[in-house]
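The values are calculated or read from the model by the stated rules, or taken from the named source; none is laboratory data. The structure displayed is predicted, hence computed values, not measured ones. Glycine gets a Cβ as well: all are built from the backbone with ideal geometry, and neighbour counts include every protein chain shown. Note: areas computed on protein heavy atoms with side chains; ligands, DNA, RNA excluded. Shrake-Rupley method; radii C 1.70, N 1.55, O 1.52, S 1.80 Å.
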Amino acid sequence: MAKRIALVTGAAQGIGFACAEALAADGFRVVLSDIQAEGVEAAAAKIGGDAVAMVCDMSDVAAIGTLFDRIEAEVGPVEALVNNAGIGLPGAFLDYPLEDFQKVLDVNVTGVFAATQRAAKTMVARGLKGAIVNMSSINAVVAIPAIPAYCASKGAVMQLTKASSLALAEHGIRVNAVGPGSIDTEMMAAVNANPVAMQKALSRTPLGRLGEAKEIADAVAFLVSDKASYITGETI
């Protein structure tokens, strides 16, 4: 039997790469997408087997359409989509550039919507009961003043997850999200290098440690799997 195909965006490193690894281990043929050409090629090579790397800027809606066209032509229809690509762009609220705010929304919200809609159209057309997992954040509900655009975008992702899950339920397509807390990835590098910032982060973390990318990937793999066949519209 042909393998089911999974697309993971923002998969060159961190949580995205861990998700791609987890889905490959679960038997999916994984397409890794990222704006970093060399990084995503190296990530796919590290997974090996039939993993495929493709370059895409998730702030570019036309490029997202082209990405799906290429996957469908060269690999096959996407049955599992992990909308992981995202940016933060921190800054002081009173001086926060509108351009940065828009950049974050373009990737974190518009990109997620465009990819979800495009994937769902093919799933519906082909009768595929697919699964979509969006990467939200604890900052969808808990705010940090230095990342206003990121907080706003992740709140939007949580609500987009609910809306799309309701819209697609009649087609047997499930949409869920994972909202990580403090995870030991490149995005946490500045915190890792600052003992005071690290202490503050851990003080609000019940388990008293940073999470690992694999721990997020395991939650994503569960939501994609048949073990979560009656779960939709939820954010873990």
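Some notes on this structure:
- Qualifying residue in the range 87-102 (condition: among the small types (Gly, Ala, Ser) and over 18 Å from the mean Cα position of the chain (by Cα)): yes
- Enumeration of residues in the range 74-102 that are open to solvent by 50 Å² or more (accessible area, probe 1.4 Å), under 21 Å from Ile35 (Cβ atoms) and assigned to a helix (DSSP H, G or I): Glu74, Glu99, Phe101, Gln102
- From the options Ile173, Ile132, Ile147, residue that is crowded, with 17+ Cβ neighbours inside 10 Å, touching a residue at least 24 places away in the same chain (Cβ under 8 Å) and within 14 Å of the chain's Cα centre (by Cα): Ile132
- The range 39-54: number of residues that are surrounded by fewer than 17 Cβ atoms within 10 Å (Cβ to Cβ) and within 14 Å of Leu7 (Cα to Cα): 1
- Val142 satisfies every condition listed in (1) more than 23 Å from Val224 (Cβ to Cβ); (2) buried (at least 16 other Cβ atoms within 10 Å of the Cβ); (3) touching a Lys or Arg at 6+ places or on another chain (Cβ under 9 Å) except (2).
- Just one of (1) open to solvent by 40 Å² or more (accessible area, probe 1.4 Å); (2) among the polar types (S, T, N, Q); (3) closer than 19 Å to Ala115 by Cβ fails for Thr161. It is (1).
- Screening the range 177-209 for residues that are assigned to a helix (DSSP H, G or I) and open to solvent by 90 Å² or more (accessible area, probe 1.4 Å) and picking the one that is nearest to Ala24 (Cα to Cα) gives Glu186.
- Filtered residue count, the range 117-135, keeping only those that are closer than 16 Å to Thr9 by Cβ, aliphatic (A, V, I, L, M) and outside any helix (DSSP H, G or I): 4
- None of Leu168, Leu105 is assigned to a helix (DSSP H, G or I), farther than 26 Å from Lys227 by Cβ and under 19 Å from the mean Cα position of the chain (by Cα) except Leu105.
- Test: residue in the range 15-38 that is open to solvent by 30 Å² or more (accessible area, probe 1.4 Å), touching a strand residue (DSSP E or B) at 6+ places or on another chain (Cβ under 9 Å) and free of Cβ contacts under 8 Å to residues at least 12 places away in the same chain: no
- A Cβ distance below 6 Å, combined with a sequence gap of six or more or placement on separate chains, defines the contacts here; from the range 210-236, residues that are at pLDDT below 95 and open to solvent by less than 60 Å² (accessible area, probe 1.4 Å) reach residues that are of a type in the set (Asp, Glu) and outside any helix (DSSP H, G or I) in the pairs Leu210/Asp184.
- Of all residue pairs spaced 6 or more apart or on separate chains, those with beta-carbon atoms under 6 Å, a first member in the range 46-58 that is in contact (Cβ under 8 Å) with a residue 24 or more places away in the chain and a second member that is of a type in the set (A, V, I, L, M) and surrounded by fewer than 19 Cβ atoms within 10 Å (Cβ to Cβ) are Cys56/Ala63.
- Candidates are the residues of the range 61-71 that are within 18 Å of Val104 (Cα to Cα) and touching a residue at least 12 places away in the same chain (Cβ under 8 Å); the one that is surrounded by the fewest Cβ atoms within 10 Å (Cβ to Cβ) is Val61.
- Checklist (1) more than 19 Å from Phe93 (Cα to Cα); (2) at pLDDT 95 or above applied to Ser153, failing item: (1)
- Tally, over the range 108-120, of residues that are open to solvent by less than 20 Å² (accessible area, probe 1.4 Å) and under 13 Å from Ala149 (Cα atoms): 1
- The listed residue being part of a helix (DSSP H, G or I), out of contact with any Leu (no Cβ under 9 Å at 6 or more places or on another chain) and more than 29 Å from Thr232 (Cα to Cα), out of Ala45, Ala114, Ala146: Ala45
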